[in-house]
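The values are calculated or read from the model by the stated rules, or taken from the named source; none is laboratory data. Quick caveat, the model's predicted, so the values are computed rather than measured. Glycine also receives a Cβ, built like all others from the backbone with ideal geometry; neighbour counts cover every protein chain displayed. Calculation scope for accessible area: heavy atoms of the full protein, side chains included, ligands and nucleic acids excluded. Shrake-Rupley method; radii C 1.70, N 1.55, O 1.52, S 1.80 Å.
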Amino acid sequence: MHTEECLICKAPLEYLVQDEVMECAICHKKEPSKTRCVNSHYVCNDCHTQGMDSIFGLCLAETSTDPAAILRRMMDLPFCHMHGPEHHVMVGAALLTAYKNAGGQLDLESALREMYSRGKAVPGGACGFWGACGAGISAGQFLAIATASTPLAREPWGLSNQMTARALDSIGKVGGPRCCKRDSWLAVLAAVDFAREHLGVEMERSVPICSYSARNSQCIGKRCPFSAAK
């Protein structure tokens, strides 16, 4: 039974071509958006990701070098929905944690806070409206943080953009409609390969089997590389 659409009434979502000013049904903030449910409920990104700061405790206590497994543990936390902009933070956070545990050199707590800030800046729906899935962007942000990239850097700048391109290529080849779980795992697996090739850090690479399909009204079934139905 497909249960997760609108966070207020569970009705299907609809996506507009142009922004309209909408009022969040939870905090009543008004802002432009292209997303609402068919009953006109709108939930802003801040309300949608409420409770996401719980990933800090999880990541700082982790010893695993497997970012897909770490990401799945985040997905199972109460704050995480089937779809939503929380995944734009979670992908990079899982990668930074696994990278650190695999021998990557960084201050994990500081890196996670930076990832939280950058990932939250990528809005929900970027995959369809920007032509760049937030999960893929998050993988690029992981690489940028891990290499201390800036707009004036040379190699880190190039590697960060290549990382985003690699993740987006993997996501794009599967095709739509979006699934935040599928796209997040695709981004993570692309990043594991990329970090091994370019940074010399060997994170564990496991391929998940999805257990979330019953919550996804747009599940692509056997076409998904993580489908349990294969």
> Any idea what diffusion coefficient segment 74-230 gets from Stokes-Einstein, in µm²/s, Kirkwood Rh on alpha carbon pairs, 10 °C, 1.306 mPa s?
Replying inline: 102
> Could you give the Stokes-Einstein D for segment 1-149 in µm² per second, using the C-alpha Kirkwood radius, 37 °C, 0.692 mPa s?
Replying inline: 204
>> Could you give the length gained by full extension between LYS30 and ASN161, i.e. 0.36 nm per residue of separation minus their alpha carbon distance, to one decimal place?
In response: 43.8 nm
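If you roll a 1.4 Å probe over segment 40-83 with all protein chains in place, what percent of the accessible area is carbon or sulfur?
Percent of accessible area from carbon and sulfur atoms in segment 40-83: 51.
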>> Cut-off 10 angstrom, C-alpha nodes, Gaussian network model of the chain. Which of GLY140, GLY175, GLY57 fluctuates the most?
In response: GLY57
> Stretched out fully, how many nm does the piece from ASP19 to PHE79 gain, at 0.36 nm a residue minus the Cα gap?
Replying inline: 19.0 nm
> Using only the Cα atoms of segment 1-57, what do you get for the radius of gyration and for Dmax, in Å?
Replying inline: 12.4, 38
> Taking a probe of 1.4 Å, how large is the accessible area per residue of the chain, in Å²?
Replying inline: 46
>> Can you return the lysines within cross-link range of LYS30? Criterion is Cα-Cα under 28 Å, with same-chain partners fewer than 8 residues away left out.
In response: LYS10, LYS120
>> Assuming 0.36 nm per residue, please report the length gained on full extension of the stretch ASP107 to LYS173 beyond their Cα-Cα distance.
In response: 20.3 nm
> Do any chymotrypsin sites (Phe, Trp or Tyr not before Pro) in segment 99-153 lie in a DSSP loop with no more than 12 other beta carbon atoms within 10 Å, and if so, which?
Replying inline: TRP130
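On a 1.4 Å probe surface of the protein chains, which of THR97, THR63, THR147 comes out largest in accessible area, and what is the full order?
Of THR97, THR63, THR147, the descending order of accessible area is THR63, THR147, THR97.
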